[in-house]
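FYI, it's all coordinate maths here, none of it is from the lab. The structure presented is a predicted model; accordingly, all values stated were derived computationally and were not measured. Cβ placement follows ideal geometry from the backbone for every residue including glycine, while neighbour counts extend to all protein chains displayed.
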């Protein structure tokens, strides 16, 4: 394919290197990705066969200059496909997954490249070459990556490893496609308008539009990726709540979109691969490359939190019992009743109703006067929407980010609404990664799944939606404020159990008084949120923490047990998945039927689509640092430029250019204190 025919084959001419999505068609991605792999292998081969003595320029910089085409094509594809997929893009994903696994093996099992790196390390040791801090860390991590990938295995073991990596990639890709299709398939159809009592007029109209779009009569409640579903907070009809809950928890456990066979084969292959590489389990393999260091350290933290979390959840159930008896006399309280009853009790106890908050939490106001304003207050950066620049979908918005003195920082793309072609949840992605070597500024995206209101109506958010918006923007800031030499160390290129730390820290600013007073105003009247409600938001942070912590830990422990179980003890048949899951939750003490895991195995994309496999614990591990850093900032003045500059320069700017915990200690002056997390979640016994 010619350069003219495929815009991905040459650098974009748009500002900041933003891909020209208007010119890119679905058929362009796979040829560009395949051409990119071939090009980078040739570039790396030149490094491997260079007869000269290894230097920073001939090894490190040459490596970092390689792969520009592949990076450009993959970044565009993995931004578009999760957010707006179709049959063609799904086929591309299926086709390239094993190719990318083989490509990675071709690099990291190449003894010539490994020897070249070791030779450079030896020259450094002899004093023949000097390295700056970022280059030294690059070399250390790159050598470790080869060793973790199996470069020192014998030929027979490497052949088996290549086969394992290829099949694992295929299965992860398949799990993502099947689980998305399954989520769309189990949407709940409602024929009787009376069942929708509790939803707002806008939500009811949106449900009708979904039904119309699907060619159905009535209303359709779409299922989100988690176990808990937003409508369960407010729907008064218990029968409909039950149908929604059952649709959510039953995904992947049978029928056309059964994921159990994928799960069984995948965990067994991951376990075999870990053993081949010299680790006891896949969890040990994963943790060794993170801040945790070992699977044992992960389990110790999860176990420390589990018992008090479940104890608090049980206490919350007891607390709700009198109200439940009034709401449904004689009925047995069930999992699908928890959210509804909890919200009713919250409204009684704190005079705070989730549905009453929504008119004060309008997307545009929260985004500009909350999320962006916090970043301006901390870092001096400002945001201007660029209507002349476009993303991969008509709903994507593009903002230019500049320093206080007008110096360009990068671009931020926001894609806020749910659609059938988008995977569930919320996430950040990088289209262009900041680096000085190639003089590139960052282009980052945030995705969420807000329900799109009917035309002309405002987008009203829940408080959880607001927190999610701040959270994902914390990831975006990690990318935008990166200040490193090498692309592979940019922004969020850190260990998985560190990468959630900056996003969680950014959540704290949602409750910052000056910001909240400015963004939490009624969308129609302009009146600020009542002061009593604001105070309640602050004082009720411990409310429901038993439930929230238990559902999270259920998922984290489920992921951990799947990946810390020896190969000969793992299920061998799809029908054994549910029994294994039940035993895993019981072994961890989180088998509390009223609070099912945030994700069950059948739709646990973090664990089985890849990315957070044996790593879902990362959220709570990172929160230990988050709680500690948040307390430090608040004790030192809160939302100030001084706090922002220290945090930016010593943590965000460094990306993955130095050891993550070394960066944290430099910022904080020591290791994080877990006490702050225990207090935040109500798990501390004074």
Item to check | Hydrodynamic radius (Kirkwood) for the stretch 50-175, which is based on Cα pairs only, to one decimal in Å | outcome: 16.6 Å
Checklist outcome for this item: Here P(r) for the stretch 360-480, Cα-Cα distances in 5 Å bins, as whole percents, is 2, 10, 21, 25, 22, 12, 6, 2, 1, 0
Item to check | Mean Cβ count within 10 Å, highest first, over the residues of peptides 215-227, 422-434 | outcome: 422-434, 215-227
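With n ≥ 4 as the cut-off for DSSP H runs, can you work out [θ] at 222 nm for the chain, using -39500 (n - 2.57) per run divided by the number of residues, rounded to the nearest 500? Before the final figure, lay out the partial values.
On the way: 27 runs with 361 residues, N = 686.
Value at 222 nm, helices only, nearest 500: -17000 deg cm²/dmol.
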Next on the checklist: Can you tell me the length gained on complete extension of the stretch residue 191 to residue 569, counting 0.36 nm per residue apart and subtracting the Cα distance?
Outcome noted: 131.4 nm
Checklist entry - When ranked by the protection proxy of mean other Cβ atoms within 10 Å per residue, highest first, what sequence do the peptides 488-499, 577-588 form? => result 488-499, 577-588
Checklist entry - Given 0.36 nm per residue, what is the gain on full extension from residue 318 to residue 457 after removing their alpha carbon distance, in nm? => result 46.1 nm
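As a test, work out the antiparallel percent of DSSP beta bridges whose residues both lie in the chain, rounded to the nearest 5. Write out the running numbers ahead of the final one.
Details: 21 of 28 bridges.
Expressed as a percentage, antiparallel bridges in the chain total about 75.
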Next on the checklist: How large is the direction-averaged shadow of the alpha-carbon convex hull of the chain, in nm²?
Outcome noted: 30.6 nm²
Checklist entry - Can you work out the FRET efficiency for the pair residue 539 and residue 464, with r the C-beta to C-beta distance and R0 = 22 Å, to the nearest 0.05? => result 0.80
Item to check | Cα-based shape type of the stretch 588-678, given that a ≥ b ≥ c are square roots of the gyration tensor eigenvalues and the cut on a/c is 1.5 | outcome: prolate
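Place the peptides 549-561, 622-634, 402-414 in order of packing, highest mean first, counting for every residue the other Cβ atoms within 10 Å and averaging per peptide. Could the numbers behind the result be given before it?
Working: 549-561: 25.4, 622-634: 21.4, 402-414: 17.0.
Those peptides, ordered most packed to least, come out 549-561, 622-634, 402-414.
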Checklist entry - Taking the Cβ-Cβ separation of residue 395 and residue 675 as r and a Förster radius of 41 Å, what is the calculated FRET efficiency to the nearest 0.05? => result 0.45
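For the pair residue 238 and residue 525, what calculated FRET efficiency results from E = 1/(1 + (r/R0)^6), where r is the Cβ-Cβ distance and R0 = 35 Å, to the nearest 0.05?
Values: r = 34 Å, r/R0 = 0.98.
The pair residue 525/residue 238 has a calculated efficiency of 0.55.
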Next on the checklist: Need one word for the stretch 186-249: rounded, prolate or oblate. Basis is the Cα gyration tensor (sqrt eigenvalues a ≥ b ≥ c); a/c below 1.5 gives rounded, then a/b vs b/c decides.
Outcome noted: oblate
Item to check | Where only alpha carbons of the stretch 135-271 are counted, the Rg and the Dmax (Å) | outcome: 22.6, 67
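If you stretched the chain out fully between residue 91 and residue 22, how much longer would it get, using 0.36 nm times the residue separation minus the C-alpha to C-alpha distance?
Values: separation 69, 0.36 × 69 = 24.84 nm, distance 2.08 nm.
Contour length minus the Cα-Cα distance gives 22.8 nm.
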Next on the checklist: Take residue 376 and residue 102, extend 7 Å from each Cα along the Cα→Cβ direction, and tell me the distance between the two endpoints in nm.
Outcome noted: 5.2 nm
